[in-house]
Amino acid sequence: MEHSKADSFRPTNIAEGTGQRIYALAERLYPICRSITGNGVRQTLDRLAEHIDVERHEIPSGTQVFDWTIPKEWNIHSATIKDARGHVIVDLAQSNLHVLNYSVPIKARLPLAELKRHIHTLPEQPNLIPYRTSYYAENWGFCMEHNRLAAMADGDYLVEIDSDLRDGHLTYGEFFIPGATEREVLLSAHICHPSLANDNCSGLAVLTVLAAELLKRQNRFSYRFLFAPGTIGALAWLAGHEDGLGRVDHGLTVSCVGDGGGPTYKRSRRGNAFIDRAMAEVFRHKTGATVKDFVPYGYDERQFCSPGFDLPVGCFQRTQWGAFPEYHTSADNMDFIRPEHLETSLATLLEAIAIIEGDWTPLNLFPKGEPQLGRRGLYAALGGNKDAAAGTMAMLWVLNLADGHTSLLAMAERSGVLFGELAASAALLRQHGLLTDANAL
Amino acid sequence: MEHSKADSFRPTNIAEGTGQRIYALAERLYPICRSITGNGVRQTLDRLAEHIDVERHEIPSGTQVFDWTIPKEWNIHSATIKDARGHVIVDLAQSNLHVLNYSVPIKARLPLAELKRHIHTLPEQPNLIPYRTSYYAENWGFCMEHNRLAAMADGDYLVEIDSDLRDGHLTYGEFFIPGATEREVLLSAHICHPSLANDNCSGLAVLTVLAAELLKRQNRFSYRFLFAPGTIGALAWLAGHEDGLGRVDHGLTVSCVGDGGGPTYKRSRRGNAFIDRAMAEVFRHKTGATVKDFVPYGYDERQFCSPGFDLPVGCFQRTQWGAFPEYHTSADNMDFIRPEHLETSLATLLEAIAIIEGDWTPLNLFPKGEPQLGRRGLYAALGGNKDAAAGTMAMLWVLNLADGHTSLLAMAERSGVLFGELAASAALLRQHGLLTDANAL
Amino acid sequence: MEHSKADSFRPTNIAEGTGQRIYALAERLYPICRSITGNGVRQTLDRLAEHIDVERHEIPSGTQVFDWTIPKEWNIHSATIKDARGHVIVDLAQSNLHVLNYSVPIKARLPLAELKRHIHTLPEQPNLIPYRTSYYAENWGFCMEHNRLAAMADGDYLVEIDSDLRDGHLTYGEFFIPGATEREVLLSAHICHPSLANDNCSGLAVLTVLAAELLKRQNRFSYRFLFAPGTIGALAWLAGHEDGLGRVDHGLTVSCVGDGGGPTYKRSRRGNAFIDRAMAEVFRHKTGATVKDFVPYGYDERQFCSPGFDLPVGCFQRTQWGAFPEYHTSADNMDFIRPEHLETSLATLLEAIAIIEGDWTPLNLFPKGEPQLGRRGLYAALGGNKDAAAGTMAMLWVLNLADGHTSLLAMAERSGVLFGELAASAALLRQHGLLTDANAL
């Protein structure tokens, strides 16, 4: 049993073409018109289910979840603005972003001045369509390019939004991989943004492929994947799983993982949780990687890290939300994300998981002085060589710090040596009978 | 009762003309020839008493205060150096700095060479008169411009100092504003330097106007203002108040607050007292502000922070003593200090007091997930807007950190959000029933 | 008794010519062909014994020391490579580095290609002879200049190594100076490198002269000097002294102390041991000085700091091993080290010892306010002088921090004032009855 820990540390080699497979999945998710409820979520889960056996949960409208109520279910069929002569100016069929998400139905003829009060644009990015929502206040509206709005002539326009807002359900997906222990790793991506490639599709696709990968392995930890609509979906899941939250040892929300920036890790509210240390360790050896302190804004780590739960959940991204100009606009499309970045994001998650899975606390069985590594073939036999040091440093660090109170991750933090090198050295030293598992005594 | 805390946080708006009023008071204090005892202190207190009902204490010469003894009382009437023909060369009537403070009486005719042994100048600032004292060693002397001394011809001179040094009293002033609790804030300025504008008058004037301002308010804390001669006055006060020192929760010595430099805050000996944190928080958002570690030199924080008391008393200044060339010279005059700087210093003290008065520890009553702010009109209703975050960040921080163990000041330190914004947000959230006072439970 | 502590702080004045004396001793050690066993170690100890009465210990081959076994004793008489015509190409008599240390005997005629497998060179430093060893794997070989190897013509060569490798002893030296207490300071230099001036002779010579110096003094601590072959010698000593290791309060390994770089201090494994703080304090006031974290590589601190012992032993060097190009080559010769650097290294050790010997924890007997220093002649009598502060700062720091919990070293760390100035001030204040020894109460 104890050996499984050291053995379960594996390199994060990824099969060729994995980036393309993630991208292809994101591409299939991109056209769906998602919202926090409705068939868009269900269709998205259907496509994830082609890869993993994701479980679908439906929570009825009106259900109380903590301070919130599950809203009516929203589905949209069409939305257009036409000019007085019937020419279509704006059409949902052209972009899912054209309609204010959660717009109530409307059919009306309005003068431009009045219509403008319901139109959202980005004057500083005049050729992009903004993404806007009005989940909890009944409203209707359109989003469009500022330049096209500016070109609209005065006069009356015909607006028609064919949507349903009625009692139904909120839908979320969950996928659970049991491990050797009941202790859980929670990995969560929101599933509510329509046609935004980086800020939604990328996280869903990377986590789905990660789940498929972990399913092939023997894991110490159980892994729980959550695909829930932002805020209300996470709250619904939390409300339904309060009894199990004590099993969550580590967690990450994952979003915006397809662009070429970052990576960025935002610490959990605790600030020094194991996941925070593991991600910092992974990032320590990556150029351009940034670790940021927790702030109570962002994705569903806001809910997981609320003071009543305070779960050890951080947020993993490439460029942080809001920090790229394409954020929440029509430019966050399939050209903005790349297979190689998606693959690197997956690899980064696997590196963190390698630490979660592979960490253990060695006890040096020969703690007085160094054991004679040379006799065991573990030491450069020829002394005095200037380069000999480097190769055995990881082993010497493990032996020196294996006081039974220092885990491999703590050793990596102190020594600056890669976790993977320490883990490999510790496995070798254990094979030679020099170490044992301090926690197994 | 508990509401008074949140309510007592007030903006530090200052009435127009306050800087001029402080300056005018300093201007009335400047001409008085103060020392550590004598009528100069009494006259100074009389002028403060035109603003606040300051209480005068008289401690007899010979009284033992800890390791010290209250010295004889010193009063000076005139002091001159005349040349052999009777022309006045140096005259106390021209500057209070001309006489070595605490000079014993003398009337003598001396050759220049011998006289020079009693004359103090500043060779590197040859047009300025230095400030010198000899409180605890009987001596006499004059202070003058180096250039004028250099111009004095050889020959005999007539010196005459008409002073009294005899049993009398040491005088200090105290002003107490009772608050809702007995817990005290100690604010202290020395009252012993003659005709030095920044290094004495500024502190006395700012604290007097501050006292007048606090008198108009309902305060949680009681405020004790101390106007005592340096070292011996502070020791006399400490000796007389030992039983009450346990009530002092926060304190500041205040001096050199009229020049345009700094501001500078020197931490208390404890280094992490609430006052140290509050001043650091105030300074965090000010350009040019410097927080320094405690050193056992400076003003009466030396006594308050001696190891037998270790009171939480820091020192607030603009430019630190000794760091401006006018320090302890005749150039520290009424031209060196400005109304606007005095007003800014007062405002800074009020900001610190706002934290002292306004800090409390909220408990989130809806700690599981975020409460639905939108439903209460507390959240930007239209999601997806890139700017929506900023406006609600203070509220989200308060909710997230309101675990019942984190005060508003600690929240400000962690979040980087202004204390005032957090306090206003917390008050709003409390009005909406989302928070309560953790310490009132 | 308690006074001895304050009194035992002495300036580290060093007699003139000390650097030359250290250098002269190193010069006598340089020609000896040392290894981890054999007569080279004995000859080296004989020369140290001309200065201090070093005790010689002999441990038989085959003795088990922890995970290691004392190897056979190695002695070498000659080693040559001759060309086919009998011309000597390489000769041990020219440089002790020419033979692979611990080479077994051999006499053979070999073609160049085969011989090359036994020849070690430094292609990037082609005119230098490398230093190589093969202690624990039986082997033979030569070390030479790369350029000279390149010039060797094809053909047969005659190699002859006349060495003994047979049961004998491992030798190490120890010198103990009893102090007022049994608490020990361990000072250790390896004694196994042949003809390397900085990386062996310098440490041996500096420690020997240091021992002679300490022998003249009355010390609080007992001092134990260890001259043991690297790794196996340190382990042999540890194995024989396990019962006494609890007495070791402070320790240093010393090597590479004759070059002009650094100084460098490597912390003990504990990282915050008193010796780590004392060396950091000494280094704080030295230009170019570097304090580094512990790493489990270097000299015998590797053994002293293994987790089963975890002794408070750091490593003192000038340029760190491996960081100078002469390291482990024939260029680490007597020209590379200089008397003035050896003397400075000795002085640095004496500074650290001054802290070890001189640290104590004062208690202020007049803790309420400052005591009146002026009355005791301890304070500049003339107030207001801008320069008066500097001279009394050390005294004010000691009084302010003398709360009975803060030792002089902790005061130096907090105040930034030199330990020596604080110690002198504390001694003066104690003479005046203002302080006592908190630990003597």
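With the requirement that a residue be in contact with a Gly (Cβ under 8 Å, 6 or more places away or on another chain) and small (Gly, Ala, Ser), what does region C:158-204 give you?
Listed by number, the residues that qualify are C:GLY168, C:SER188, C:ALA189, C:ALA197, C:SER202.
So the check is Cβ under 8 Å with 6+ separation or different chains; which pairs have a first residue in region A:315-326 that's over 19 Å from A:PHE294 (Cβ atoms) and a second one that's of a type in the set (Phe, Trp, Tyr)?
Qualifying pairs under 8 Å: A:GLU326/A:PHE336.
For region C:393-441, which residues satisfy the criterion of being closer than 18 Å to C:GLU351 by Cα and among the β-branched types (Val, Ile, Thr)?
C:VAL417
One residue is enough: does region A:35-43 have a residue meeting the conditions among the small types (Gly, Ala, Ser), more than 14 Å from chain B (Cβ to nearest Cβ), crowded, with 22+ Cβ neighbours inside 10 Å and part of a loop (DSSP other than H, G, I, E, B)?
Yes: one or more hits.
Name the one entry in A:GLY358, A:GLY308 that is closer than 30 Å to C:GLY298 by Cα, more than 16 Å from the chain's Cα centre (by Cα) and of a type outside the set (A, V, I, L, M).
Result of the check over A:GLY358, A:GLY308: A:GLY358.
Considering only residues that are in contact with a Ser or Thr (Cβ under 6 Å, 6 or more places away or on another chain) and surrounded by fewer than 20 Cβ atoms within 10 Å (Cβ to Cβ), which ones fall in region C:258-278?
Passing the criteria: only C:GLY261.
Given the conditions (1) within 12 Å of another protein chain (Cβ to nearest Cβ); (2) crowded, with 19+ Cβ neighbours inside 10 Å; (3) touching a strand residue (DSSP E or B) at 6+ places or on another chain (Cβ under 9 Å), and given that B:GLN125 satisfies all but one, which numbered condition is not satisfied?
If we test B:GLN125 against (1) within 12 Å of another protein chain (Cβ to nearest Cβ); (2) crowded, with 19+ Cβ neighbours inside 10 Å; (3) touching a strand residue (DSSP E or B) at 6+ places or on another chain (Cβ under 9 Å), just (2) comes out false.
Suppose we keep only residues that are assigned to a strand (DSSP E or B) and of a type in the set (A, V, I, L, M) within region B:77-98. Which one would you say is farthest from the other protein chains (Cβ to nearest Cβ)?
Only one residue fits best here, namely B:VAL88.
Can you report the number of residues in region C:228-249 which are crowded, with 17+ Cβ neighbours inside 10 Å and not hydrophobic (A, V, I, L, M, F, W, C)?
5
Step by step: first the residues of region C:133-181, then only those that are free of Cβ contacts under 8 Å to residues at least 60 places away in the same chain and hydroxyl-bearing (Ser, Thr, Tyr), then the one that is nearest to the other protein chains (Cβ to nearest Cβ). Which residue is that?
Checking each candidate, the answer is C:SER134.
Could you tell me whether B:SER345 is under 19 Å from B:HIS190 (Cα atoms), crowded, with 17+ Cβ neighbours inside 10 Å, hydroxyl-bearing (Ser, Thr, Tyr) and within 13 Å of another protein chain (Cβ to nearest Cβ)?
It is false that B:SER345 is under 19 Å from B:HIS190 (Cα atoms), crowded, with 17+ Cβ neighbours inside 10 Å, hydroxyl-bearing (Ser, Thr, Tyr) and within 13 Å of another protein chain (Cβ to nearest Cβ).
Could you please tell me which pairs satisfy a Cβ distance under 8 Å, a separation of 6+ or placement on different chains, a first residue in region C:223-239 that is at the interface with chain A (Cβ under 10 Å from one of its Cβ atoms), and a second residue that is assigned to a helix (DSSP H, G or I)?
C:THR231/C:ARG302; C:THR231/C:GLN303; C:ALA234/C:GLN303; C:ALA234/C:PHE304; C:LEU235/C:GLN303; C:LEU238/C:LEU245; C:LEU238/C:GLN303; C:LEU238/C:PHE304
Report yes if B:ILE89 is of a type in the set (Val, Ile, Thr) and either in contact with a Pro (Cβ under 9 Å, 6 or more places away or on another chain) or at positive phi (or both), otherwise no.
Against the criterion (of a type in the set (Val, Ile, Thr) and either in contact with a Pro (Cβ under 9 Å, 6 or more places away or on another chain) or at positive phi (or both)), B:ILE89 does not qualify.
Results for (1) under 9 Å from A:ILE161 (Cβ atoms); (2) surrounded by 20 or more Cβ atoms within 10 Å (Cβ to Cβ), shown as yes or no for each residue.
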position	(1), (2)
A:ILE81	no, yes
A:GLY86	no, no
A:ILE89	no, no
A:TYR102	no, yes
A:PRO105	yes, no
A:ALA108	no, no
A:ALA113	no, no
A:HIS118	no, no
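If a residue counts only when it is within 21 Å of C:ILE191 (Cβ to Cβ) and among the aromatic types (Phe, Trp, Tyr), which strands (runs of 3 or more DSSP E) contained entirely in region C:99-180 have at least 1 such residues?
Fully inside region C:99-180 and qualifying: C:169-177.
Please find, within region C:348-383, the residue that is nearest to the other protein chains (Cβ to nearest Cβ) out of those that are closer than 20 Å to C:LEU186 by Cβ and among the small types (Gly, Ala, Ser).
Among those residues, the one meeting the criterion is C:GLY358.
Considering only region B:269-358, give the helices (runs of 4 or more DSSP H) lying wholly within it that have at least 3 residues that are closer than 30 Å to B:HIS120 by Cβ.
Because the criterion is at least 3 residues that are closer than 30 Å to B:HIS120 by Cβ, the helices (runs of 4 or more DSSP H) in region B:269-358 that meet it are B:301-304.
State which residue is nearest to A:PHE309 (Cα to Cα) when the search covers only region A:51-67 and only residues that are within 24 Å of the chain's Cα centre (by Cα) and not in a loop (DSSP other than H, G, I, E, B).
Checking each candidate, the answer is A:VAL65.
Does region B:24-31 contain at least one residue that is more than 15 Å from B:LEU204 (Cβ to Cβ) and not in a loop (DSSP other than H, G, I, E, B)?
No, because not a single residue in region B:24-31 is more than 15 Å from B:LEU204 (Cβ to Cβ) and not in a loop (DSSP other than H, G, I, E, B).
Quick one: count up the residues across region B:10-45 that are over 23 Å from B:THR348 (Cα atoms), of a type outside the set (S, T, N, Q) and free of Cβ contacts under 8 Å to residues at least 12 places away in the same chain.
The number of residues fulfilling the criteria is 0.
How about region A:244-268: which of its residues are free of Cβ contacts under 8 Å to residues at least 60 places away in the same chain and in a helix (DSSP H, G or I)?
The answer is A:GLY246, and nothing else.
Just checking, how many residues over region A:279-307 are buried (at least 17 other Cβ atoms within 10 Å of the Cβ) and either without any contact (Cβ under 8 Å) to a residue 12 or more places away in the chain or within 11 Å of another protein chain (Cβ to nearest Cβ) (or both)?
Number satisfying all stated conditions: 13.
So, C:ASP332, is that one under 20 Å from C:LEU29 (Cα atoms), within 14 Å of chain A (Cβ to nearest Cβ) and in contact (Cβ under 8 Å) with a residue 40 or more places away in the chain or not?
It is true that C:ASP332 is under 20 Å from C:LEU29 (Cα atoms), within 14 Å of chain A (Cβ to nearest Cβ) and in contact (Cβ under 8 Å) with a residue 40 or more places away in the chain.
Every number in this text was worked out from the coordinates using simple rules, so none of it is lab data. For clarity, every value in this text was computed on a predicted model and none was experimentally measured. Note that each Cβ is placed from the backbone with ideal geometry, even for glycine, and that neighbours are counted across all protein chains shown.
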